[in-house]
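Trainee: My questions all concern the structure below.
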Amino acid sequence: MARRNRAAVATKADPDELRTGGALALEPRDDDVPATGPYDGDDLDPEITDAAGLVDFGAVRVPVPMQGTVAVEPTANGRMQAVHVALPEGRLSVSALAAPKSSKLWPELAREIDASLREGGATVRSFQGQWGRELHATSGAAKSVFVGVDGSRWMLYGVATGPANHAEMLDAELRRMLRATVVVRGRAPYPVRTVLPLVVPEHLAEAMAASEAAKAEAAATDAAPSAVPTDQEAPPPPA
């Protein structure tokens, strides 16, 4: 099969669109990849993927829903663990993990997530979906959907979380995102369950740097000394 050009095919973004917390609003594209995935980046025809409006995060290329903003939340070691997309109704998260070559990872991981959610007090229901077992959890007024897709030595993991009254919409957006996501596993060896390397797209990194510089400049201005010299005596109070 034809191999895909590894260059990013991302939507355009303006630094002024950067939002608080490293979030960037992206314009939607009409030439979305056909929703029959998720796809393995090594197996795709480049005529399909080169025309797709995807944001390249390295191990995953993700379509950003309309009105979505990409939030970059690195962990303590500086590595991204997931791509988070904030919507007015809630949040979608997508990541890819290294998986065994001869067996599936998601059934095992789903059992562990189920147990962890129940221990935390959530009400969990299990369904058999398009890609296998799905978990639907309710905790207070919030609902979450957990979906896993086993691929070739990778597993794509998606979560939709938000208020219960928006659960149906977030569920649909998560599935739409997963069906159009491209996973780029690469040939490097990784221990099973390792989150495949994610990187911040160049245009997002530049926008984040510009935002941080603006914040630093504003902080420096706020910390500047008063315009009145400190060694100048204040006028005496009125008699």
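Trainee: Over segment 67-196, what is the mean sequence separation of C-alpha contacts under 8 Å (at least six apart), divided by residue count, expressed as relative contact order in percent?
Mentor: 26
Trainee: Now for a separate question. With unit charges on the beta carbons (Lys and Arg positive, Asp and Glu negative) and the dipole taken about the Cα centre of segment 155-199, which residue among LEU156, VAL199, ALA188 sits farthest to the positive side?
Mentor: ALA188
Trainee: Would you kindly state how much longer the chain becomes between LYS215 and SER126 on full extension, computed as 0.36 nm times their sequence separation minus their alpha carbon distance, in nm to one decimal?
Mentor: Gain in length upon complete extension: 27.5 nm.
Trainee: In nm, to one decimal, how far is the GLU108 label point from the GLU73 one, both placed 7 Å along Cα→Cβ?
Mentor: 2.6
Trainee: Take the alpha carbon gyration tensor of segment 98-221, find the square roots of its eigenvalues, order them as a ≥ b ≥ c, and report rounded if a/c is under 1.5; if not, report prolate when a/b exceeds b/c, else oblate.
Mentor: Oblate.
Trainee: Another question about this same structure. I want the local charge near LEU198. Using Cβ-Cβ distances under 12 Å, sum +1 for each Lys or Arg and -1 for each Asp or Glu among the other residues.
Mentor: 0
Trainee: Going through segment 95-198, which GluC sites (Glu not before Pro) have at most 15 other Cβ atoms within 10 Å and a DSSP loop state?
Mentor: none
Trainee: If Lys and Arg each add +1 and Asp and Glu each add -1, what is the summed charge of the other residues whose beta carbon sits under 12 Å from the beta carbon of THR123?
Mentor: Net local charge, THR123 excluded: +2.
Trainee: Same structure, new question: Can you compute the FRET efficiency between SER152 and SER116 using 1/(1 + (r/R0)^6), with r the Cβ-Cβ distance and R0 = 25 Å? Round to the nearest 0.05.
Mentor: Working from the Cβ atoms, E equals 0.40.
Here, each number is a calculation from the coordinates, and none is a lab measurement. Bear in mind that the values here come from a model prediction, so they are computed numbers and not experimental data. As a convention, Cβ positions derive from the backbone with ideal geometry for all residues, glycine included, and neighbour counts pool all protein chains shown.
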